[in-house]
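Notes for the one structure printed next.
The values are calculated or read from the model by the stated rules, or taken from the named source; none is laboratory data. Computed from a predicted structure; not experimentally measured. Positions of Cβ are backbone-derived with ideal geometry, glycine not excepted, and every protein chain shown enters the neighbour counts.
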Amino acid sequence: MRHTLCGWLAGAVMALGGLAAPWPALAHDDDDRIESRDERDDREDREDRAEREARDAARAESKDKDKDDEKDKDKDKDRDRAGSGKTGDAGKRDQTRREDARRGRGRNSRFDVERDATGADRERNEVLLIGPATSSDAVRNAGFSIISENRLESLRQTLIRVRVRDGESVERTVETLRDVAPGIRVAPNHVFHASQATPAQTLGLSGKIEPLRSPRRGEAPQIGVIDTGADPDQSRLGPRVLMYRGFAPGGYTPRPHGTAVAQIATSLGANVAVADVFGLDKQKRLVAPAELIAMAIDWLLSQDVRVLNISIEGPRNDVLEFVVDAAVSQGVLIIAAAGNGGPAAPPGYPGAYPGVVAVTALDERGLLYRRAARGDHIQFAARGSYAPGQSLVDTSSTIAGTSFAAPVVAAMAARQWRQSPNSSREQVLAALRSTATDMGAPGRDSLYGWGRIDPWSLSGAPTASR
């Protein structure tokens, strides 16, 4: 009995063992399926989170891009309105680099200047051409290389710098290019200099380099100052410098000469736009190529500026003469310094171009400035000598020259237009002639033109000391 029970128990245990053997495997397989689902769920959760994060990142990037696009649109509007647009120093540097690249010059490049047989300074191995948009194709078809090309929208012309071919002279290149296309003007890219005899030393120049400041809403500049940069941080200038732009490599750079010229104009009540056309040549001299002066005139025309002050002098240049004549034909009044070469000097340009109002300088005693140029192109005289402490300009030393007489006449022309906005250029000139004090020989003469323009003797003129 005992043996039978033990045998039965043993068989049962063996049977149970045989049945139980698969269970752990089944349990193990089931555990595998449970872990797989957990891992799959975890994986799907991770994938979902990653997908959500990717979508969020994409949306954030899209928003940033939209913001950047909006900023770019604003910048484009600023550029359309005043020739540039980025805000902030980095943006201004970027804009300057783009403009420098478009002009075929690097930011830190300097003008390579040579002197020709007549004593005129010009950029080496290049010539300047202006004409219709098709001119560039004609130049290339003639076998020439174009250094830079800029569209002058206000004048509806294209301004092109052309490289002189190896073995040829500037003069030969000018003669050859004159025949490649109808309706073009060609000249050496002459460089011009500030029309001053005694250097300006204005106080507290900030030395900032910025390509542009846009106009304040509702205001318009009455005078366009084509010169070196003027310091907009000067307390006298700040409220009245409505916009400025740099055309030379490196961008807008405040310097004493342009600051003094702008101060004189603004002290007499004018708002100004400043076009900085000066840069350094390889000898570290300040020069202004004809190309940049032409571009500055076109820019100021696009801003509806009616009076331009150019206190610069240099040789006669056919391209610049074409630009000046086109601006005058649009009703713009161009006031220019007569030059400081002295009584025997040949006429300086742009002051001697037809249609330009050349201004000579008087010293602090009211006598003709001893270095002032003379000639039949002189139209008016004005004070051009200022000592420290005199209110029209903040200067640390006496400054003198026809550069500082021109803005006096420009400011009076701007005042006349403010008082009679519908007046023509000729009517403004007639009003200036009627207020001039005759000096020298009766009537117009080669020393004083029609006579002295004295803003302090005119009704409503500032009462500040001279």
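Regarding region 320-327, can at least one residue be identified that is under 27 Å from Leu237 (Cα atoms) and acidic (Asp, Glu)?
Checked region 320-327: no residue is under 27 Å from Leu237 (Cα atoms) and acidic (Asp, Glu).
Within region 167-190, is there a residue that is part of a loop (DSSP other than H, G, I, E, B), under 30 Å from Gly342 (Cα atoms) and either in contact (Cβ under 8 Å) with a residue 60 or more places away in the chain or not assigned by TED's automatic domain parsing to the domain that holds Arg371 (or both)? Quick ask: steps written out before the conclusion?
Here is the first cut: in region 167-190, the residues part of a loop (DSSP other than H, G, I, E, B) are 167-169, 178-184.
Remaining after also requiring under 30 Å from Gly342 (Cα atoms): none.
For region 167-190, residues part of a loop (DSSP other than H, G, I, E, B), under 30 Å from Gly342 (Cα atoms) and either in contact (Cβ under 8 Å) with a residue 60 or more places away in the chain or not assigned by TED's automatic domain parsing to the domain that holds Arg371 (or both): absent.
Would you pick out the residues in region 323-345 that are out of contact with any Ser or Thr (no Cβ under 7 Å at 6 or more places or on another chain), of a type in the set (A, V, I, L, M) and either touching a residue at least 12 places away in the same chain (Cβ under 8 Å) or in a strand (DSSP E or B) (or both)?
So the first thing to find is which residues in region 323-345 are out of contact with any Ser or Thr (no Cβ under 7 Å at 6 or more places or on another chain), and the list is 323-330, 332-336, 341-345.
Then keep just the ones that are of a type in the set (A, V, I, L, M); that gives 323-324, 326-328, 332-336, 344-345.
Selection gives Val323, Val324, Ala326, Ala327, Val328, Val332, Leu333, Ile334, Ile335, Ala336, Ala345.
Return yes or no: is Asp116 modelled with pLDDT under 55 and not polar (S, T, N, Q)?
Spelling it out, it is not the case that Asp116 is modelled with pLDDT under 55 and not polar (S, T, N, Q).
Please list, ordered by first then second residue, the pairs with beta carbon atoms under 9 Å, 6 or more apart or interchain, first in region 423-447 and touching a residue at least 40 places away in the same chain (Cβ under 8 Å), second outside any loop (DSSP other than H, G, I, E, B) and of a type in the set (D, E, K, R).
Once the first residue is touching a residue at least 40 places away in the same chain (Cβ under 8 Å) and sits in region 423-447, its partners that are outside any loop (DSSP other than H, G, I, E, B) and of a type in the set (D, E, K, R) give Ala436/Arg452; Met439/Asp445; Met439/Arg452; Arg444/Arg433.
On the given criteria, is Ala200 crowded, with 24+ Cβ neighbours inside 10 Å, among the aliphatic types (A, V, I, L, M), modelled with pLDDT under 95 and not in a loop (DSSP other than H, G, I, E, B)? It would help to see each step written out before you state the result.
Details: crowded, with 24+ Cβ neighbours inside 10 Å: yes; among the aliphatic types (A, V, I, L, M): yes; modelled with pLDDT under 95: yes; not in a loop (DSSP other than H, G, I, E, B): no.
When the stated conditions are applied, Ala200 does not pass them.
Would you check if there is a residue in region 428-441 being at pLDDT below 90 and part of a loop (DSSP other than H, G, I, E, B)?
Residues of region 428-441 that are at pLDDT below 90, as a first pass: 440-441.
Still in the running and part of a loop (DSSP other than H, G, I, E, B): 440-441.
Checking region 428-441: at least one residue is at pLDDT below 90 and part of a loop (DSSP other than H, G, I, E, B).
Only one of these is in a loop (DSSP other than H, G, I, E, B) and in the same structural domain as Arg425 (by TED's automatic domain parsing): Ala372, Ala358. Name it.
Ala372
Restricting to region 375-404, name every residue that is surrounded by 20 or more Cβ atoms within 10 Å (Cβ to Cβ) and in a loop (DSSP other than H, G, I, E, B).
Result: His377, Gly384, Leu392, Val393, Asp394, Gly401.
Inspect all residues belonging to region 323-343 and state whether any of them is touching a His at 6+ places or on another chain (Cβ under 7 Å) and in the same structural domain as Val428 (by TED's automatic domain parsing).
no
Output the residue which, of all residues in region 405-454 that are in contact with an Asp or Glu (Cβ under 8 Å, 6 or more places away or on another chain) and either polar (S, T, N, Q) or not assigned by TED's automatic domain parsing to the domain that holds Val307 (or both), is surrounded by the most Cβ atoms within 10 Å (Cβ to Cβ).
Here the residue is Ser446.
Being out of contact with any Phe, Trp or Tyr (no Cβ under 9 Å at 6 or more places or on another chain) and either of a type in the set (Val, Ile, Thr) or buried (at least 24 other Cβ atoms within 10 Å of the Cβ) (or both) is the filter here, so list the residues in region 263-276 that pass it.
Gln263, Ala265, Thr266, Ala270
Condition first: within 23 Å of Gly314 (Cα to Cα) and in a loop (DSSP other than H, G, I, E, B). Now tell me which residues in region 121-166 satisfy that.
Matches in region 121-166: Leu155, Val164.
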